[in-house]
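Asker: Dropping a structure here in structure tokens format, bear with me for questions.
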Amino acid sequence: MKIIDRPALAELTTLRLGGSAIAEIRLDSLADCERLPEALSLAGGSAHVLGGGSNLLIRDGELPITVIRPLMGSRDAEGRPAEPEVLGAEDGPDGKYTLLRVGAGMRMPFLLSWTVRRGLAGLEGLVGVPGRVGGAVAMNAGSYGCSTAPLMRSLTVFTPERGLHEIGPEGWEASYRRFSLVKPCSWYMSASVVLAMKQDDPAKLRRIMQENFLRKKSGQPVHEHTAGCVFKNPEGESAGRLLDAAGMKGRRRGALRFSEMHANFLAHDTKCGIPGRTEDALALIAEARAAVQERFGVSLEMEVKEWPAWR
Ligand SMILES: Cc1cc2nc3c(=O)[nH]c(=O)nc-3n(C[C@H](O)[C@H](O)[C@H](O)COP(=O)(O)OP(=O)(O)OC[C@H]3O[C@@H](n4cnc5c(N)ncnc54)[C@H](O)[C@@H]3O)c2cc1C
């Protein structure tokens, strides 16, 4: 475990926005979870679990929060990227499956390329999705027909009420960009997950992954500082289309603007000479919601998580 005072949160997010937290508690192993309650009570503030910071909009200023970073599964003892643990294989209704245990801190792009190379299917739609495994679970990240929750067999979680424990699918609820534990808890942190991945042809999976990446690259600002889609898609509709029709493409405030390439991506131009402010992002978001509400009568729901999340 490593504790860092007053970390600059903008550096830990893909949008490059946010003030500082009271402390950052880095967890490298499951054993570190035992010391977590004490570390949290010493630091104070409300606990916020950070993955890769690719779905976050964090307020400016000195924030009354302590950030927990579960990094287990990201590096091995020699400091190289850690690999998933192969637990075994089993027969499913439509073929053979491999069971993998993956630490919450593993980067999703690493897991994707590792699994595709071994002919393990299920994540190839998630190409181009940054972040870590724990964040993908928490967001039920998905794209091009793939999502995280259907692959999950079990989850090892820490909650302040029950400590570290393992739950099966009856212990969680998941739907489009939503994931929660069934048993009430003040907050939870995923530490590792067991995934069941169907065995398939590596060449076929590589081709699908490449096609998905080209599609993504041609329609989304993948090389800019963003937090992915700001809003969830309303049922049967595309939030990007509504925002575009409501005139939000290219709408700017300070260093923030809705991308010209995809109106549902808020991009931070870190090189424009104006300091990026979360306030500007929030004002643009409010403007966009009002415009879509007025024009289409649709209330857009945030996909990006705002911090501090008051509990
Ligand atoms: C260029 C770009 C493209 C993207 N494309 C997609 C896409 O196609 N599909 C999609 O679904 N998303 C997409 N996203 C959004 C984002 O990458 C995903 O939501 C991702 O899964 C978030 O993971 P993270 O580790 O970065 O989580 P963070 O942003 O760090 O956190 C997000 C939420 O998860 C919680 N969390 C993180 N780790 C844990 C943990 N270990 N235990 C408990 N809670 C945790 C946090 O508290 C927070 O509430 C995109 C983002 C970018 C920047």
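The values are calculated or read from the model by the stated rules, or taken from the named source; none is laboratory data. In this text, all values refer to a predicted model and were calculated from it rather than measured experimentally. Because the Cβ atoms are built from the backbone with ideal geometry, glycine has one as well, and the counts that use them run over all protein chains shown.
Asker: Considering only the stretch 145-182, state which residues are under 20 Å from CYS33 (Cβ atoms), in contact (Cβ under 8 Å) with a residue 24 or more places away in the chain and in a loop (DSSP other than H, G, I, E, B).
Answerer: Result: PRO160, GLU161.
Asker: Checking the conditions here, which among LYS204, LYS198 is in a strand (DSSP E or B), of a type outside the set (Gly, Ala, Ser), over 22 Å from the mean Cα position of the chain (by Cα) and more than 30 Å from ALA10 (Cβ to Cβ)?
Answerer: The conditions single out LYS198.
Asker: Would you check which residues across the stretch 296-306 are part of a loop (DSSP other than H, G, I, E, B) and either under 14 Å from THR226 (Cβ atoms) or more than 15 Å from the ligand (Cβ to nearest atom) (or both) and list them?
Answerer: If the condition is that a residue be part of a loop (DSSP other than H, G, I, E, B) and either under 14 Å from THR226 (Cβ atoms) or more than 15 Å from the ligand (Cβ to nearest atom) (or both), then GLY297, VAL298, SER299, LEU300, GLU303, VAL304 are the ones that fit.
Asker: Right, here's the next one. Could you tell me whether any residue of the stretch 197-220 is modelled with pLDDT of 95 or more, under 30 Å from ARG35 (Cβ atoms), among the aliphatic types (A, V, I, L, M) and touching a strand residue (DSSP E or B) at 6+ places or on another chain (Cβ under 6 Å)?
Answerer: Looking for residues that are modelled with pLDDT of 95 or more, under 30 Å from ARG35 (Cβ atoms), among the aliphatic types (A, V, I, L, M) and touching a strand residue (DSSP E or B) at 6+ places or on another chain (Cβ under 6 Å), one finds none in the stretch 197-220, hence no.
Asker: Does any residue in the stretch 45-60 that is at positive phi come within less than 8 Å, Cβ to Cβ, of a residue that is within 6 Å of the ligand (Cβ to nearest atom) and not polar (S, T, N, Q) six or more places away or on a different chain, and which pairs are these?
Answerer: GLY53/GLY131
Asker: Any residue in the stretch 218-237 that is on the phi > 0 side of the Ramachandran plot sitting within a Cβ distance under 9 Å of a residue that is among the β-branched types (Val, Ile, Thr) and surrounded by 12 or more Cβ atoms within 10 Å (Cβ to Cβ)? List the pairs, counting only those 6 or more apart or interchain.
Answerer: So the pair list comes out as GLY228/THR14; GLY228/VAL129; GLY228/VAL304.
Asker: Filter the stretch 11-38 down to the residues that are hydrophobic (A, V, I, L, M, F, W, C) and out of contact with any helix residue (DSSP H, G or I) (no Cβ under 9 Å at 6 or more places or on another chain), then identify the one that is nearest to ASP269 (Cα to Cα). Full working, then the answer.
Answerer: Narrowing the stretch 11-38 to residues hydrophobic (A, V, I, L, M, F, W, C): 12, 15, 17, 21-23, 25, 27, 30-31, 33, 36.
With out of contact with any helix residue (DSSP H, G or I) (no Cβ under 9 Å at 6 or more places or on another chain) added as a condition, the list becomes 12, 30-31, 33, 36.
Values: LEU12: 16, LEU30: 38, ALA31: 40, CYS33: 37, LEU36: 36 Å.
Only one residue fits best here, namely LEU12.
Asker: Which count do you get for residues in the stretch 185-194 that are within 11 Å of the ligand (Cβ to nearest atom) and either aliphatic (A, V, I, L, M) or assigned to a strand (DSSP E or B) (or both)?
Answerer: Result for the stretch 185-194: 5.
Asker: What are the residues in the stretch 225-236 that are touching an Asp or Glu at 6+ places or on another chain (Cβ under 8 Å) and either charged (D, E, K, R) or surrounded by fewer than 17 Cβ atoms within 10 Å (Cβ to Cβ) (or both), if any?
Answerer: LYS232, PRO234
Asker: Limited to the stretch 214-229, what total is found for residues that are more than 6 Å from the ligand (Cβ to nearest atom) and of a type in the set (A, V, I, L, M)?
Answerer: Total satisfying the criteria: 1.
Asker: If you go through the stretch 153-184 one residue at a time, how many are over 17 Å from LYS305 (Cβ atoms), within 13 Å of the ligand (Cβ to nearest atom) and within 20 Å of the chain's Cα centre (by Cα)?
Answerer: 6
Asker: Which residues, counting only those in the stretch 24-43, are under 15 Å from PRO160 (Cβ atoms) and in contact with a Ser or Thr (Cβ under 9 Å, 6 or more places away or on another chain)?
Answerer: ILE25, ALA39, LEU40, ALA43
A quick yes/no check of all residues on (1) surrounded by 17 or more Cβ atoms within 10 Å (Cβ to Cβ); (2) within 16 Å of the ligand (Cβ to nearest atom):
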residue: SER238; (1), (2): no, yes
residue: MET248; (1), (2): yes, no
residue: THR270; (1), (2): no, yes
residue: ILE274; (1), (2): no, no
residue: ALA283; (1), (2): no, no
residue: GLU294; (1), (2): no, no
residue: PRO308; (1), (2): no, yes
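Asker: Quick check on the stretch 27-57: of everything there that is within 14 Å of the chain's Cα centre (by Cα) and more than 23 Å from LEU111 (Cα to Cα), which residue is nearest to the ligand (Cβ to nearest atom)? First the steps, then the outcome.
Answerer: Quick first cut of the stretch 27-57, residues within 14 Å of the chain's Cα centre (by Cα) only: 48-57.
The next check asks that each one be more than 23 Å from LEU111 (Cα to Cα); those that pass are 48, 57.
Working: HIS48: 6, LEU57: 10 Å.
Step by step, filter the stretch 27-57, then rank; the result is HIS48.
Asker: Is it true that ALA141 is among the hydrophobic types (A, V, I, L, M, F, W, C) and away from the ligand (no atom under 14 Å from the Cβ)? Steps first, answer last, please.
Answerer: Working: among the hydrophobic types (A, V, I, L, M, F, W, C): yes; away from the ligand (no atom under 14 Å from the Cβ): no.
Spelling it out, it is not the case that ALA141 is among the hydrophobic types (A, V, I, L, M, F, W, C) and away from the ligand (no atom under 14 Å from the Cβ).
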